[in-house]
Amino acid sequence: MKQTFTFLFAFISLGLYAQTCSGRYQTEIYNQVDVTTVDYGSAVNRLGQTVTLQMDIYQAVGDTATDRPVVIFCFGGSFTAGSRTSGELVDFATDLAKRGYVCASIDYRLAGSPLELVIEENIVKVVFSAVQDGKAAIRYFRKDFEEGNSLGIDPDNIFIGGTSAGGILAANLAYVDEVTKLPAEWQVWADENGGLEGSSGNPGYCSAPNGVFGFAGAVGDTAYIDANDPPFYGCHSTGDQTVQYGYGAPLQGFAPVSLYGSGDIATRMDNLGIYNELDTYNDGAHPPFFIQDPALSAQRTADTRDNLVNFLYNILDCNPNNLKKEDQQGCDTGNPTSIAELNARKEWNLFPNPTDKFINVISENEIQRLIIVDAMGREMISFNDMHSKELAIEVQDLSAGVYFVYVQSGGVWTSEKLMVK
């Protein structure tokens, strides 16, 4: 296993840490953690059912800080099974919350049946549905920040990752930031599936993470990773046949797609000069800490936790020696964080408003997507892949009340309040 930090470096960084991050984020400073379950969105699953998406939020009891980093965990299970209460994620989330983080373990949509995943189109749509849910979870925290910051978070320090499928979700969420990066056929399937952002909840907020991690994760293609993309931490076994360490088809080669595992991600990042850390194990365990030997399993789990903690500290904004690049992609480099920032770019109008029958939407640029949600954030009307500058939309079936119209044009979401009489 690669030893990421020497004793001397850890000693020095602890001294700096105490001065710059208020003694937080590397050692446990709280004893108890409170877990709260919240609804962060909803979406239609592969069976055509609208499902509520939930997350468990972990916060240390007595922690009153108002600028805490967020770590979002995604479970594994080959996109066919799994739970946000997966044991390793509960342990990691609890541990990091005791160090001062706000942590969340999320639901995301799965395939309706393992048999779906023998067809390439299905697996692409399943993975990007999960990506959409992960994006909605990130937006949930930034929306809460804009609406009063009840969770006491720093919206510029949000990290996402997970185990196996959860790591695949996180890597594709972070590095597929434009649908045009995908193969042509995948672009069609992604558009049919609601695009990269989707409509799982909290529209209008930035969904870009500030760091990514994966315990035996992978990405569709390392070519998706750009020089200004966020840093990555991974742990992976070279003989892993469920998710390959390098390039190959998952699930013992039976999956109809091939992915690039943590080893290739790290190589790509080294070549681009992006900070990354990788723990490599020379066996076939998937992930490396899921093995039969209890003592070795416990040791690898502890190593993964400690190295993740060090990785995250090394990219925190409160650390003046952090290893992020100045131009790292995020919400402060082209991706707006708030509704106010978004609407400053608004280049379309709707009328009449108020209305009781229909609205017209006229835009200076082509409209890719349009969503109308009610005051509770529930999607009522949506149009995908429009590529038109003018739309006429019937709204007579909507109950009288307040709605919000979200329009995506030029890759940017903007909004306007709509009154239905």
**OP:** Would you work out which of Ile291, Asn276, Ser262 lies farthest towards the positive end of the dipole of the chain, given +1 charges on the beta-carbon of Lys and Arg and -1 on that of Asp and Glu, about the Cα centre?
**Re:** Ile291
Original post:
Taking 0.36 nm per intervening residue step and subtracting the Cα-Cα distance, what contour gain separates Phe254 from Met380 on full extension?
Top reply: 41.5 nm
Subject >> Sum of -39500 (n - 2.57) over DSSP H runs of 4+, divided by residues of the chain (222 nm, nearest 500) >> reply: -8500 deg cm²/dmol
Original post:
For the chain, list the cysteines whose Cβ sits under 4.7 Å from no other cysteine Cβ?
Top reply: Cys74, Cys103, Cys235
Subject >> Bridge type composition, the chain - antiparallel percent by DSSP, nearest 5 >> reply: 65 percent
**OP:** With label points built 7 Å along Cα→Cβ from the Cα atoms of Asp91 and Gln49, find their separation and express it in nm.
**Re:** 3.2 nm
Subject >> Loop GluC sites (Glu not before Pro), segment 347-379 (other Cβ atoms within 10 Å of the site Cβ: 16 or fewer; DSSP) >> reply: Glu347
Original post:
Based on Cβ point charges of +1 for Lys and Arg and -1 for Asp and Glu, what charge dipole magnitude is obtained for the chain about its Cα centre, in debye rounded to the nearest 20?
Top reply: 420 debye
Original post:
For Asp226 and Ser297, FRET efficiency with R0 = 41 Å and r from the beta-carbon atoms, rounded to 0.05?
Top reply: 0.70
Original post:
Once the mean 1/r over all distinct Cα pairs of the chain is inverted, what Kirkwood radius in angstroms do you read off?
Top reply: 22.0 Å
Subject >> Protection proxy ranking of 393-402, 158-167, 46-55, 127-136 - average other beta-carbon atoms within 10 Å, highest first >> reply: 158-167, 127-136, 46-55, 393-402
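Computed from the coordinates by the stated procedures, all read-outs in this text should not be read as laboratory data. Fair warning: this is a prediction, and the values are worked out from it, not measured in the lab. Cβ: placed from backbone, ideal geometry, glycine included. Neighbour counts: every protein chain shown.
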